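The structure under discussion appears below in the form of structure tokens.
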Amino acid sequence: MNPDGSGEFLAGNYLDGAEHMETDETGRFYERIRIKVRKKHEEIDSLVTVLSPNKGEVFEPGSTQEISWENNFGGGLFKLSYSTNNGKDWKFIGFGNDSKDGSRTVKKYDWEVPGDISSDSCLVRVEDNEISKLYDISDSLFSISSGTGIDVESIDDKIPDKFSLDQNYPNPFNPSTKIGYDLPKTAKDVDLTIYNTLGKEVAKFEELPTGAGSYEVQWDTDRKLSSGVYYYNLKVDDKIVTKSMVLMK
């Protein structure tokens, strides 16, 4: 009999595939209670949600960067891993630390980014150390690279006559596309942001090259994005230009 008066239940009834290591009756009962409590939070979109990195960031090799995630079921130790090949292989980072933020638990970890990595297909994975099926992965790829990142390149030595944002190519595209822009003179700030049709930000490239010239940014889309229209917004100081593109899977 359970504490709430209901009949016997199994761990699998509350979290598919969940396993417990205890063999004595007390240990099994403790795990079942714990899993049942977590089941009561199913109305929450995600029990574990990666907050950052999650927006196409570019990290400098050897730098210290924050990994943060939201834990909606409380308690537990979290295992952190990273991938440099879009989730094919994972490497262990460490275990997370707790800090409170309002009614939910936001956990943060200061990650010392390895100094010998250069990749534009990076992801972070956060998983419960006891129940591996409770996990989340970055929604968007991020980069580890010196300078502005390997996603950006200068494509012409000539100084353009005017400021412009090119149509992406290929278009439609899958899974990556290139976006070009021209700067007739040096700017202070250049940012490129990509939104879906609901206005939600799905990727952002900050601190892009600001010198006069022509540049190309390659966007490698997140595997979770669905087919449809997306908008890319280039902000150069006080100028903003927006164009649309089509992801077709």
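Things worth noting here:
- Region 213-235 - residue that is modelled with pLDDT of 90 or more and assigned to a loop (DSSP other than H, G, I, E, B) and, of those, surrounded by the most Cβ atoms within 10 Å (Cβ to Cβ): Ser227
- When region 69-94 is filtered for residues that are touching a Leu at 6+ places or on another chain (Cβ under 6 Å) and modelled with pLDDT of 90 or more, the ones remaining, listed by number, are Ser83, Gly87, Ile93, Gly94.
The values are calculated or read from the model by the stated rules, or taken from the named source; none is laboratory data. Remember, it's a predicted structure, so these values are computed and weren't measured experimentally. All Cβ positions, even for glycine, are placed from backbone atoms using ideal geometry, and neighbour counts span all protein chains on display.
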